[in-house]
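The structure under discussion appears below in the form of C-alpha cells.
Just so it is clear, none of the values below were taken in a lab; they were calculated from the coordinates. Since this is a predicted model, take the numbers as computed values, not measurements. All Cβ positions, glycine included, derive from the backbone under ideal geometry; neighbour counts span all protein chains shown.
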Amino acid sequence: MEKFAEQLVLAAGKEALRLFGKARIQYAKSLHPSDAVTKADVACEKIITKRIKKRYPHHGIIAEESGAYQADADFLWYIDPIDGTLNYGRGVPVWGIMAALVHKGVPLLCAIYLPITRELFTARKGKGAYLNGKRIHRSSRRNWAQSIGTVSSSVTAGNIEFVPQFLKAAGKKHVALTAYGSIAANAGYVASGRTDWGASWAGQLHDFIPASILLKEAGCKVTDVRGNNWKPGGRGFVAANPILHKKLLKLTRIADRKVK
C-alpha cells in the first residue's frame, strides 16, 4: 500500500501544480484566515478519495474538505489535499499534499509530497523514513542556541506563551525560529534534519497523523506538548531528537500551563 499512497499524493500534486497561481482562496471555513479553501483543495481531494474508493472500497476516509466516509472501517485514510492553503492561495510556494493510513487506530504509513520542489517523503511503521527513495534521519544537534526550530504560523495562545520561554532558554537575543505555514513542509524539514525540531499547538488529525509517522520513523521523539506519547486527539505536537526534545518539553509544559 506504500506505492499506492505515493501515487495518491503524486496525482494530487500534479493537479495542484496545474492550478497553482490560478486557484485563489474561495472561502474560509471559519473566521481564522488559515482555514481557507481553494478550488484546488476540492479538486485534489476528489482525485485522492476517488482512487481510494475504487482500489479499497472497504476502507474509510477522513478528509479535510469532505469529512468522514465509512469512519468505522478498520483501515482509515487521513487526507490533507493541500496543506498550507493560505500559502497556496496567495502564490507562496510552500505547501504540500499529505496522506496517511491508520489500522484500528494505529498509524501505519504516510506519504507527504511537496510538488514545488518535487520532494516525496514516505514512511512506514518500523521501516524508516525516506525522501525520494533515500533514507533520511533527524538532526542530532544538541545545543539550543545553535538549533533552528519550526512552530505553527497560527498565533495561538500556546505559541504566544512558548516563544518567550524559548528565547529565555536559548540565552541569546537572536535565535532561529521559523514558521512555514505548512505542517507538510515542517515535518519534511525536521525529518530530514534541515531543521532541528518542531512544536505546534495548532493542527488537526489530517495534519498530525502523517507528520507523526514520518517524524517517528526519521528518529524523532514525538509527543504532545505535555510529554505524553503522541496519539490522535493529543494536545499539540512536539518533535525532535531525544536531547532537544527533553529541553523543548520543559518549555512547552510551562507554556501549556500558562494557557489555562
Students often check this: by mean Cβ neighbours within 10 Å, which of 182-188, 141-147 ranks highest, and how do the rest follow?
182-188, 141-147
Would you indicate which of (1) 26; (2) 40; (3) 30 is the value of percent of Cα pairs over 28 Å apart derived from the coordinates of this structure?
(3)
Honestly segment 2-136 on the Cα gyration tensor test (a ≥ b ≥ c root eigenvalues; a/c under 1.5 rounded, otherwise a/b vs b/c for prolate or oblate) is just oblate
Rounding to the nearest 20 debye, state how big the charge dipole of segment 2-136 is about its Cα centre with +1 on each Lys and Arg Cβ and -1 on each Asp and Glu Cβ.
500 debye
Unit charges on C-beta of K, R, D, E only; dipole of the chain, Debye:
760 debye
Taking the Cα centre of the chain as the origin and placing charges on Cβ (Lys, Arg +1; Asp, Glu -1), which of 21, 149, 205 is farthest toward the positive end of the dipole?
149
Filter 53/216; 168/250; 54/127 down to the pairs with a C-alpha to C-alpha distance above 24 Å, please.
53/216; 54/127
Run lengths n ≥ 4 of DSSP H only: what is the helix-derived mean residue ellipticity at 222 nm for the chain, with -39500 (n - 2.57) per run over all residues, to the nearest 500?
-11500 deg cm²/dmol
Within 10 Å, count the other beta carbons around each residue, average over each peptide in 95-104, 6-15, 53-62, and list them highest first.
95-104, 6-15, 53-62
